[in-house]
1. So for segment A:442-460 (the condition being assigned to a helix (DSSP H, G or I) and under 24 Å from A:Ala336 (Cβ atoms)), does at least one residue qualify?
2. So which residues in segment B:147-175 are β-branched (Val, Ile, Thr) and within 11 Å of chain A (Cβ to nearest Cβ), if there are any at all?
3. Can you say whether B:Val236 is more than 18 Å from the chain's Cα centre (by Cα) and surrounded by fewer than 21 Cβ atoms within 10 Å (Cβ to Cβ), as far as the supplied structure shows?
4. Exactly one of (1) surrounded by fewer than 16 Cβ atoms within 10 Å (Cβ to Cβ); (2) more than 14 Å from chain A (Cβ to nearest Cβ) is unmet by B:Ile210. Its number?
5. Only one residue in B:Pro277, B:Pro220 is within 24 Å of the chain's Cα centre (by Cα), modelled with pLDDT under 90 and assigned to a loop (DSSP other than H, G, I, E, B). Which one?
6. Kindly evaluate B:Ala180 against the criterion of being free of Cβ contacts under 8 Å to residues at least 12 places away in the same chain, more than 9 Å from chain A (Cβ to nearest Cβ) and either within 12 Å of A:Thr473 (Cβ to Cβ) or assigned to a loop (DSSP other than H, G, I, E, B) (or both).
7. Of all residues in segment B:48-87, count the ones that are assigned to a helix (DSSP H, G or I) and either free of Cβ contacts under 8 Å to residues at least 60 places away in the same chain or touching a strand residue (DSSP E or B) at 6+ places or on another chain (Cβ under 8 Å) (or both).
8. With segment A:537-600 as the region, which helices (runs of 4 or more DSSP H) entirely inside it contain at least 1 residues that are of a type outside the set (Ser, Thr, Tyr) and modelled with pLDDT under 65?
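The values are calculated or read from the model by the stated rules, or taken from the named source; none is laboratory data. Everything numeric in this text was worked out from a predicted model, so none of it was measured. When we count neighbours, we look across all protein chains shown, and the Cβ atoms used for this are built from the backbone with ideal geometry, even at glycine. Each accessible area value is taken on the protein alone, full model and side chains, heavy atoms only, with ligands, DNA and RNA left out. Shrake-Rupley method; radii C 1.70, N 1.55, O 1.52, S 1.80 Å.
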Amino acid sequence: MWKGPRGSGLFRIYFPIECLNRPSAFTIGYVDESNKWAVVTGLLRPSESSARDPEGQDRGSTPLSSLIGIWINRDDDRGGGGEEDALHWTGDHSLYSSSSLSSSSDTDLLCLSKTGEVLAVNGHPDHYLCKGRAFEFVIILYDSALFLASCTLMQLMNNSDDDDGDDAGDRRNNRQQDNVQIISGSLAKHQTYVDSCGSEIQKRFAFSAHRRRKPFLLHVADCMFAFPEYLLMNLILIPSSWLSNLRFFQIPAIKMMIDIPSTLNQMKIRYGSYQTECLTAQTGRHCPKQPSTRNVNVCCLFGDVCLGLLTLGFLWTSGCIDSYADRFIVWAEAVAVEFESLLHWLMGVPAGLKVNEPLAYFLGHFFLYHIFLWKAYLRTLRPFWSDICYYSCLSGCLGLTVQLSLLQDLISMMTIHIYCFYVYAARLYHLQIVALSSLWRLFCGKKLNVLRKRIDSASYDIDQLFAGTLFFTILLFTFPTTTLFYLVFAVLRLLVLSIQGMLSTSVSFMNKMPVYWFFLRLVRPSSTAGRLNASVVQHEPLCIYLQLKPISFRELFRMSTRNAPSAEVLGNTWTSLGKKLILGELIYPWIEPSPKSHPS
Amino acid sequence: MAMSCDRSRKKWQKVLYKDQGVSDNYVDESFLEEMKKNLHIRTYEFWAVVRESNVVMHQIYSVWIFVAVYFHMRNFVLTPQFLFEMSSAVTIVGYIVNFVILHENALTKSRWKDGKTMGIFLILGFSLSPILMTLTKTISTDTIYAMTFFMLLANLLFHDYGTDAAIVSQAFSLNAAIFASICLASRLPTTWHAFSLVTFAFELFALWPILRRNLKIHFPRLQIILSFLLGSVVTVSVATVSSVAVVVFLLLHLFITILCPAWLIRLQPYKNNIHGPWDEAVIKQ
């Protein structure tokens with residue numbers, strides 16, 4: 001039992017707004033003395049008969065330990081001043097002499113009245129002494145129905161934990177979090193209390209903030225999803241996730257083969273990891289307010305598959321596959337011809353730059369031979385191309401994301417020659433840069449001390465100096481040529497990468513699209529309430545109305561894409577890109593860098 | 001009152017462990033008595049300085065000879081075979097002279113090392129000559145000449161003339177000279193030209209200074225004769241290329257040999273080096 005508000009500091013009293021019109025009754029709720037708050041979750045009418053059988057009272061009901069005070073509605077016929085009311089109530093009812101209350105000697109009761117008077121009243125069972133004491137308080141009105149109905153509230157508050165904002169935002173978030181946690185925690189405790197109460201006490205509730213049954217819509221959703229979910233899981237998902245967990249696929253070489261083509265990667269993400277999600281959803285008793293994660297994911301998957309089937313149907317019926325496929329092959333061959341002319345231009349005098357002729361000649365012919373091979377490959381592919389395109393649209397059955405990732409793979413296969421050229425040029429350039437920097441140090445008569453990581457002066461032999469200078473001169477004069485080839489191919493490669501990047505961004509966006517939440521938000525906004533709005537209802541005494549509004553679509557979207565690793569984590573910022581370009585290191589934006597282990 | 005008079009009458013001593021009633025940075029009239037001016041001054045004698053200045057002139061002769069040879073090769077006056085044979089013969093003679101001067105007893109190791117140096121050099125030079133030839137084909141001649149000029153200047157600046165100045169970097173000067181030779185060699189028409197020029201440059205800039213140093217140590221009087229010889233060779237070879245260059249060369253020669261020593265001696269009276277107890281301590285071994 002609490003001893004009433006002690007000490008200084010603002011005492012927060014949370015009161016359900018639905019109770020404002022109820023008649024006077026005992027208030028049920030929870031208090032926390034140290035953190036200075038009290039939540040009212042229900043109103044209990046006093047019992048009619050005065051003499052009660054103590055045994056009967058004890059039997060089958062939890063002690064009224066959650067009784068915290070009295071609610072006095074002035075419109076009631078029995079009325080008077082604050083203290084008199086309290087006295088009247090505490091002295092009149094035998095409830096007061098129930099077992100739980102008599103065990104403690106000095107208990108305080110919180111008396112709230114509709115006029116806004118709040119008193120902490122000290123009542124003793126034997127003496128019926130009433131001593132009112134005023135204290136600093138603020139009444140916060142809240143919508144218990146909305147708090148109960150919202151599925152997204154706790155998730156939102158948990159997610160705002162991870163946000164790092166400025167100080168004001170943090171403080172605000174913490175306070176909001178505080179309020180929400182207090183209210184939600186008290187409501188949850190109240191729920192268990194009501195469930196364990198006897199029916200007699202349940203009948204006496206004038207108001208109780210608990211959910212009798214699951215919201216109808218969620219119930220309907222569950223039923224709707226049950227059958228397809230059963231089908232999906234048993235026919236497709238469990239076998240596919242069993243497949244992906246096979247030891248065979250854990251071999252690093254095979255794993256690499258699966259990770260690199262984005263189609264297989266996407267399929268693995270979508271269908272391979274489903275089993276673990278199902279397991280975690282089943283083992284833990286998820287909060288009854290939350291929709292099961294299964295529903296959310298199944299919804300997303302369905303949206304995906306529907307879109308894919310739509311695209312498939314459109315592509316098959318409109319018959320534009322053939323024309324597009326033909327045009328694509330013609331375009332690929334034209335690109336190869338353009339490439340040849342580009343190389344011839346580079347071998348000549350490109351843009352007036354002074355290129356070293358023999359080297360440019362050698363490099364140009366080397367790449368020209370590759371183009372020749374590429375054209376031969378295109379020619380062999382041509383008869384089968386439109387068939388390949390036609391039947392690859394079938395992958396729309398698995399979802400639009402799979403189709404898009406298939407397109408991404410096709411693009412990367414079509415531009416594999418650009419990739420090869422880029423790799424050759426980048427390696428050559430990098431080699432030349434490293435050699436040049438080392439030979440420049442020799443030119444100046446210095447040497448890199450690898451142990452101390454500094455430049456020391458060194459004494460070289462004459463033949464070492466001679467050979468070093470010779471190579472330095474050669475590399476220096478061929479440097480512009482290599483740079484030119486490298487830059488041209490790097491630009492082309494970046495172009496292709498940007499196209500692929502757009503595709504993969506849209507795929508990952510669709511992976512996480514919160515279809516279920518949007519649906520809920522549209523149909524039943526109260527279940528996606530997350531925004532808190534505090535407005536002052538009355539200044540004297542201070543009374544604040546904490547409103548719960550449905551969260552915006554943007555916030556919903558941000559909530560569901562929270563888990564994507566940011567660009568900084570992956571190390572793919574613009575500065576790192578620029579550095580890699582200048583040094584000639586290869587750019588792999590889709591492979592996440594493994595964390596480097598320091599040998600210390 | 002009496003006590004303070006007493007104190008001021010006592011002479012101020014330059015110690016800090018006594019409380020002399022004055023602040024720590026006080027100095028009296030005996031300040032700067034310990035200063036000495038121009039302690040280590042050397043008196044120069046004109047002709048001695050002129051004799052010593054030929055160290056710089058020898059290196060300048062090398063540079064001019066090299067440039068003259070290049071121009072001769074370009075004008076097809078000098079054939080690469082002749083140059084190669086001549087320079088090889090002179091190198092072998094010089095090697096034997098060096099060998100005799102030094103009275104070396106431990107022969108086999110250094111001879112093997114020298115043989116290795118020669119072998120590496122010949123192989124490298126010969127195999128890389130085709131590449132060297134076409135290295136700067138697309139770069140304009142003026143750029144090449146400018147680069148060569150700066151590289152040879154660097155060679156002169158950083159060369160080791162026998163002093164221990166901080167600017168001396170033997171490796172850098174040799175590398176600069178070889179870089180210059182490669183720049184010029186790439187302007188020549190055939191591979192043979194390039195190879196012979198690079199060989200000649202290597203022998204002139206890498207091997208000749210070693211012999212020169214040894215000669216100076218053992219036969220100091222030979223320097224003047226050598227200077228006259230080389231000076232006349234340079235004059236003759238440069239004169240056949242261009243007359244302006246000869247005039248420039250002679251003027252330069254005069255400047256460095258006569259004018260600079262005179263200038264140095266003229267400036268000696270203005271020397272004002274201050275030494276005192278504030279100098280850094282030099283530990284005598």
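1. Step one: list which residues in segment A:442-460 are assigned to a helix (DSSP H, G or I), which gives A:442-443.
Still in the running and under 24 Å from A:Ala336 (Cβ atoms): none.
For segment A:442-460, residues assigned to a helix (DSSP H, G or I) and under 24 Å from A:Ala336 (Cβ atoms): absent.
2. Of the residues in segment B:147-175, the ones β-branched (Val, Ile, Thr) are B:148, B:163, B:167-168.
If the condition is that a residue be β-branched (Val, Ile, Thr) and within 11 Å of chain A (Cβ to nearest Cβ), then B:Val168 is the only one that fits.
3. On the way: more than 18 Å from the chain's Cα centre (by Cα): yes; surrounded by fewer than 21 Cβ atoms within 10 Å (Cβ to Cβ): yes.
Criteria met by B:Val236.
4. Exception for B:Ile210: condition (2).
5. Numbers: B:Pro277 fails: within 24 Å of the chain's Cα centre (by Cα).
Only one candidate qualifies: B:Pro220.
6. Working: free of Cβ contacts under 8 Å to residues at least 12 places away in the same chain: no; more than 9 Å from chain A (Cβ to nearest Cβ): yes; either within 12 Å of A:Thr473 (Cβ to Cβ) or assigned to a loop (DSSP other than H, G, I, E, B) (or both): yes.
Criteria not met by B:Ala180.
7. If we filter segment B:48-87 for residues that are assigned to a helix (DSSP H, G or I), which is where we start, we get B:48-52, B:54-74, B:80-87.
When the remaining residues are screened for being either free of Cβ contacts under 8 Å to residues at least 60 places away in the same chain or touching a strand residue (DSSP E or B) at 6+ places or on another chain (Cβ under 8 Å) (or both), the result is B:48, B:52, B:82, B:85-86.
Looking only at that region, the number is 5.
8. Numbers: elements: A:553-560, A:567-570, A:574-583.
Once the helices (runs of 4 or more DSSP H) in segment A:537-600 are filtered for at least 1 residues that are of a type outside the set (Ser, Thr, Tyr) and modelled with pLDDT under 65, what remains is A:567-570.
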